[in-house]
Amino acid sequence: MDSIQILHTSDTHLGHRQYGLSEREMDVYDAFGEIVDIAIREHVDAVIHSGDFFDSVSPPPQAYYHAINHLRRLREKDIPLVVVPGDHDIPKRRVLPPLLVLERLGLLHILGLREPEKRDLRTSRGKLRVSGFRNIKGPGARQQLLQALVRLGQGSDYPSVLILHQSLRNVSPDYELELGELPKGYSYYALGHIHVYRKYVLGESAVIYPGSPEALRRDEAEEQPYRYVVIAEIARKRTVSSERVKLNSTRPQLVYRHLYREANEFKTFLASIREEILKAGLRSKKKPIVHIIIENIPKREKTTIYDTIEKLLRPHTLTLRIQATTIDTSLPRTVQESTSSIDHYKILKEMLGNEDLAKLALELIDALSMEPKQVALDQAEKLLQKYFNIEV
Ligand SMILES: [Mn+2]
């Protein structure tokens with residue numbers, strides 16, 4: 001049985017510079033370099049990229065520089081790379097999509113830039129059918145995609161891959177397609193757009209989001225700290241095997257959530273996460289990005305607490321992102337306890353010691369937020385007259 005081995009990656013976002021840090025920009029180039037290393041080491045027959053190759057439609061020169069260097073290494077080994085343009089790769093105005101520069105240099109194949117497209121690639125182990133269409137969004141996206149899928153048809157008699165940069169219902173409430181709407185008969189479904197790893201099955205074939213090689217937002221890092229590419233063995237109309245390969249170049253990102261209780265307990269917490277941060281840095285040779293989310297810091301101690309965190313942790317991180325909510329211990333307990341869901345009426349009643357005054361205060365807040373200002377003032381006046389039976 002003829003089978004072919006592919007490496008599947010997506011959402012490399014070359015040129016992305018998280019937090020404006022040059023180190024973060026280098027991280028995405030490092031990740032792409034490692035992906036190419038793996039493709040060469042594993043002797044894959046083709047690399048499939050499901051879109052968002054670049055982060056922007058005008059990538060910085062260094063993004064081209066690193067892309068060209070790594071893609072050349074693939075070409076030297078005769079490993080073709082096919083990419084379907086993601087939303088980040090497609091200009092909104094009529095300018096040249098940056099991927100066309102790389103295609104012009106013979107470094108990759110773009111699939112489905114204008115129309116749904118199917119094409120046969122010659123690989124060292126035989127023919128590979130690739131079908132795909134660029135990202136489609138906005139109203140009417142779903143209909144347009146369903147029509148595109150009809151045009152792309154049902155795979156082929158030799159190994160075939162369907163490549164799309166879209167959300168399935170399984171992964172996002174803002175989906176364009178359902179799993180069951182994908183056409184049957186492909187050996188493998190290579191999806192992109194979702195930055196975490198997801199795997200589904202359709203018939204005998206795998207439907208996979210490999211995720212982005214670097215987490216580009218805190219929630220992505222929190223959901224999935226490790227990052228992967230997928231290596232799959234595919235045959236006619238089925239996935240023989242698929243495994244995810246963990247990337248070693250990924251910068252560690254640690255997310256901590258903590259509810260502040262008192263000073264000593266907080267010191268113990270900081271000491272323990274300091275250990276973890278140091279270890280993570282040693283393991284990866286890259287200083288971690290650390291996010292700390294603390295709730296209920298007493299307002300008066302905020303500066304001291306921030307200083308302590310900074311001194312203890314900052315030197316061991318690439319960047320330290322602190323997010324804190326404070327409580328004012330001089331306020332009544334109900335106010336302190338209402339950080340998450342605020343019951344304004346309850347708070348006002350406790351502060352003013354009177355139900356009617358609390359109601360008035362709430363109505364005044366509403367009235368005074370009206371536009372234009374004269375209407376707001378008139379409304380407030382009426383309220384005061386009603387409550388106090390007076391002329392204002
Ligand atoms: Mn993306």
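Between E363 and T325, how many nm apart are label points set 7 Å from Cα along the C-beta direction?
Between E363 and T325, the simple spin-label model gives 3.1 nm.
So between M351 and I40, what do we pick up on full extension, going 0.36 nm a residue minus the alpha carbon distance?
Extra length from M351 to I40 when fully extended: 105.1 nm.
So what is the orientation-averaged projected area of the range 258-324, using the convex hull of its C-alpha atoms, in nm²?
4.0
Which value results when the Cα radius of gyration for the range 3-246 is divided by 2.2 N^0.38 Å?
That ratio works out to 0.92.
Given the DSSP H assignment, sum -39500 (n - 2.57) over each helix run of at least 4 residues in the chain and divide by its residue total; what's the result at 222 nm in deg cm²/dmol, nearest 500?
When only DSSP H runs of four or more count, the value is -11000 deg cm²/dmol.
Roughly how many nanometres apart are two label points built 7 Å out from the Cα toward the Cβ at D307 and V245?
Distance between label points: 5.1 nm.
Give me the percent of accessible area attributable to carbon and sulfur for the chain, probe 1.4 angstrom.
51
Report, in listed order, any pair from K199/K279; K199/K286; K286/K311; K77/K118; K246/K279; K299/K373 with a Cα-Cα distance greater than 22 Å.
K199/K279; K199/K286; K77/K118; K299/K373
If each of S22 and Q144 carries a label point 7 Å out from its Cα toward its Cβ, how far apart are those two points in nm?
In this crude spin-label approximation the distance works out to 3.9 nm.
Measure nothing but the geometry: give the 0 to 90° angle between the long axis through the Cα atoms of 61-76 and the longest principal axis through the Cα atoms of the chain, rounded to 10°.
Once rounded, one gets 30 degrees.
Based on the Cβ-Cβ distance of D174 and N264, what FRET efficiency does E = 1/(1 + (r/R0)^6) give at R0 = 35 Å, to the nearest 0.05?
0.20
Over the chain, give the accessible area per residue in Å² for a 1.4 Å probe, as an integer.
51
The values are calculated or read from the model by the stated rules, or taken from the named source; none is laboratory data. All figures in this text were calculated on a predicted structure; none of them were measured in a lab. Glycine gets a Cβ as well: all are built from the backbone with ideal geometry, and neighbour counts include every protein chain shown. Just so you know, the surface numbers come from the protein's heavy atoms only, side chains and all, with ligands and any DNA or RNA stripped out. Shrake-Rupley method; radii C 1.70, N 1.55, O 1.52, S 1.80 Å.
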